[in-house]
Structure formats: C-alpha cells, structure tokens
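Before any comments, here is the structure.
The values are calculated or read from the model by the stated rules, or taken from the named source; none is laboratory data. None of these values were measured; they are calculated from a predicted model. Don't worry about glycine lacking a Cβ; one is built from the backbone with ideal geometry, like all the others, and counts go over all protein chains shown. What goes into the accessible areas is simple: the full protein's heavy atoms, side chains included, and nothing from ligands, DNA or RNA. Shrake-Rupley method; radii C 1.70, N 1.55, O 1.52, S 1.80 Å.
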Amino acid sequence: MATLHFTKGQGTGNDFVLYSDPDGRMPLTAAQITEVCDRHFGVGADGVIRAVKSSRLPEGAEALAEDPAAEWFMDYYNADGSPAEMCGNGIRVYVRYLLETGLVELADGDTLPIGTRAGVKDVQRNLTGFQADLGRWRLDGGEPLVRARELPVARPGLSLDLGNPHVVVAVADDAELDAADLSYIPHIEPAPANGANVEFVVPFEPLIKDGVGRIRMRVHERGSGETLSCGTGAAAAALAVRYWAGQGAPNQWRVEVPGGTVGVRMFATEDGEHVALSGPAELVYTGTLELA
Ligand SMILES: N[C@@H](CCC[C@H](N)C(=O)O)C(=O)O
C-alpha cells in the first residue's frame, strides 16, 4: 500500500492528477494509474503526470543532452496507464504545478524548458495562462479512412505527428460533429502502428475573421477516450485545416473544444516551422490516496 499525495489540475477541461517524485523513487504501475484515473472508484482524470527530475530518467537524460536547463521532466501517462510522448494541455498544467509547489520560478517573459518524451518544450506565461512551443511538426503522409459511430460515412483523415500521433477528420457541419459518438474508439483504416488521437473538426462561418482561423473540435484521445480538450490535438487540427485551406491561410488559430478555447500559432524558426499552443492551466485541489 502506498500513499499518493496528489494535486488535481485541468486545462480547458483536460484533467490530470499530478504528483512530485523528484528523485524518481515512486513510479506508478499501469494498474495504479488506471485506479487513480477511474472516475468512479479513483480521483478521476484523463491522465497522470509525475514531476521527476530529468537526471533520474533515461528519457530525461536525452532531454538534458538537448537542453541542460531542462531540469524537470513531464512523465505523462494516459488514463489506461500507457505512456505518451507529449501532452499540450498537460504541459501548461505541469508548469503551473511546478510554480505553485515552489519547485521552479518563472518571471514574465522568461522561458522554462521542460523535458518530455517528444523532446524539450519551452513554456512561457502569456495572457491566457501559458504558451508552450510544441516544436516542429510533420505530416505523416497518410490519409487513412476514419469511421466513428453515428457519422453517416467514413471520411478521409490527415495524419500528423506532433511528437504524438494524430489523425484529423473534417466533418460536414456542427450537427454531424455533435452527433459523433466518441465513447467508442474511432476505426482507422489502415490502423496506425501505435494508435492515434483522432480529432473531428468543423470550421466556423466565416473560417477566417480578423486574420485568425476559427474551428470547432471534438477529440477521442488514444489511451483516455473522449476528453473535453486535447492541446496537441488542437494544434494538429489547426495545422490540418490550414493545409486544406491552402495558400494564404492564417498562421494563427482559435480552436473551440468542449472545455473552452485554446490558441494555436505557427511560426518560422531556423530549424523549420514550429507550432505553439496557448491556453489556461488551473490547479483544482490537493488530496491523498491510498493505492493498492
Ligand atoms: N491531452 C493531451 C494528449 C495526451 C496524450 C495522448 N492521449 C496520446 O496518447 O498521445 C494534450 O493535451 O495534448
């Protein structure tokens, strides 16, 4: 029996259980993570984030080689206990947690590098909460067919890699978006080797207002099911819609999800185009849990 001292946090309704394990002495098993994330018998969350020093994990050592300033590693797990490379909402909530527990300091305008399985991500405070540079992204080159329950036809999706895998699917209209039953895992053909997060999107009318692109999105997350928001998913959705819209489409997007709104911005760097995600991050409560 182990006692878990945790904090519950959320970013646009994507919720997480966070705990501190600086020296890497208390990794949870997959079974313990599913127990913690269970909404009826546990705390309830879309994922678990362990705050661990980069120097204490093999992946953290890689992060430190990339940026020696990345002292903290976001050890992220989905609700089913599977590790994920990256979490866009989670990294904002993680930085809020590190700040409020006094583990780091971050002045306005400063950048905090965080180690993740998808490399080091730079986070800053901004007006909406925090902005995370998700780094480079890429089209995966696939247009698999996606079928979700209650959608009339299978639709082609666009595969994107944001450190973690995504398939973005455009649906006909708001009614179709609302009708999709995402309590079932969408069927993807051909099936991606490591699974994928699937985002369903519709444009607002007009798609572009005052130079900003606007879309609505619902998501089925790999390893967690339907969630109220997915940050890397919102970035993937904005990138996919910009791709479909063609030349002249904006580099700034507002993505409305069931849990709120996040901002996505694409910008050029010396090592290629990056995508940044911004939005709120709140800590909700702290507690203790006896784990089996
Ligand atoms: N909710 C996250 C993504 C979490 C990981 C994802 N389910 C995966 O397995 O890749 C986000 O905000 O990006």
I'm trying to understand the selection: among the residues of segment 182-197, which are more than 10 Å from the ligand (Cβ to nearest atom) and assigned to a strand (DSSP E or B)? His187, Ile188, Glu189
Taking only segment 82-141 into account, find how many residues are assigned to a strand (DSSP E or B), under 18 Å from Gly263 (Cβ atoms), in contact with a Phe, Trp or Tyr (Cβ under 6 Å, 6 or more places away or on another chain) and touching a residue at least 40 places away in the same chain (Cβ under 8 Å). 0
Top-ranked residue in segment 219-275 [being of a type in the set (Val, Ile, Thr) and open to solvent by 20 Å² or more (accessible area, probe 1.4 Å); ranked as farthest from the ligand (Cβ to nearest atom)]: Thr269
Phe73, sole failed condition from (1) out of contact with any Leu (no Cβ under 8 Å at 6 or more places or on another chain); (2) more than 15 Å from Gly223 (Cα to Cα); (3) buried (at least 23 other Cβ atoms within 10 Å of the Cβ): (1)
Residue pairs, Cβ under 7 Å, 6 or more apart or interchain, first in segment 269-292 and modelled with pLDDT under 95, second surrounded by 17 or more Cβ atoms within 10 Å (Cβ to Cβ). List them. Leu291/Leu4; Leu291/Gln32; Leu291/Glu35; Ala292/Glu35
Test Arg39 against the stated conditions and say whether it is closer than 27 Å to Glu256 by Cβ, assigned to a loop (DSSP other than H, G, I, E, B) and free of Cβ contacts under 8 Å to residues at least 12 places away in the same chain. yes
Looking at (1) within 16 Å of the ligand (Cβ to nearest atom); (2) within 20 Å of Ala249 (Cβ to Cβ); (3) in a loop (DSSP other than H, G, I, E, B), can you tell me which one Phe200 breaks? (3)
Of Thr29, Thr111, Thr12, the only residue that is more than 24 Å from Gly233 (Cα to Cα), out of contact with any His (no Cβ under 9 Å at 6 or more places or on another chain) and of a type in the set (S, T, N, Q) is Thr29
Report every pair of residues separated by at least 6 positions or lying on different chains whose Cβ atoms are under 8 Å apart, first residue within segment 3-30 and closer than 16 Å to Leu228 by Cβ, second part of a loop (DSSP other than H, G, I, E, B) and acidic (Asp, Glu). Asn14/Asp46; Asp15/Asp46; Phe16/Asp46
